[in-house]
Amino acid sequence: MTKIASAARGPAMLPDEADQAQRFEKARSAQAGALLEDYVELIDDLLGSGGEARPTDIARRLGVSHATAIKSIARLKREGLATSKLYRGVFLTPEGHDLAARVRARHRLVVDLLIAVGVPERCAELDAEGIEHHVSEAALAAFARFLEAKRK
């Protein structure tokens, strides 16, 4: 039996309630932040490549409805990450640009690690889209140390 099949049968013992609750809270928090991170990263990419980030373009590239994009952009604005100008699209605040840079660096690090352990590049890019939002700073630091040691 493979390790994956064995693990699918469940743990021998449940973890402590507080530990398990903390794990689930971390996942919920990461999911909520992932949405904002995806939006700021895409807006930054659109601004960098074409100088404009229109809600219609954002919706199409994220595969969501226009209404969903508008709602999420409003949240970005409330969080102080974006602004918009009538008939001009969406722009990032300095805080939004900083978040986009951090997300992009985290994404790149996760992709590089996955490739280093043998994951094909296309698969690594796809998998990193989810992992990058859930990985801790401690894990990212370990990834960076691993990649640095591998380069030597």
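Details
- Condition met for D44 (touching a strand residue (DSSP E or B) at 6+ places or on another chain (Cβ under 8 Å) and acidic (D, E)): yes
- Any hit, region 110-120, residues being modelled with pLDDT of 95 or more and among the charged types (D, E, K, R): yes
The values are calculated or read from the model by the stated rules, or taken from the named source; none is laboratory data. The shown structure was predicted, so the numbers you read here are calculated from the model rather than taken from an experiment. Glycine gets a Cβ as well: all are built from the backbone with ideal geometry, and neighbour counts include every protein chain shown.
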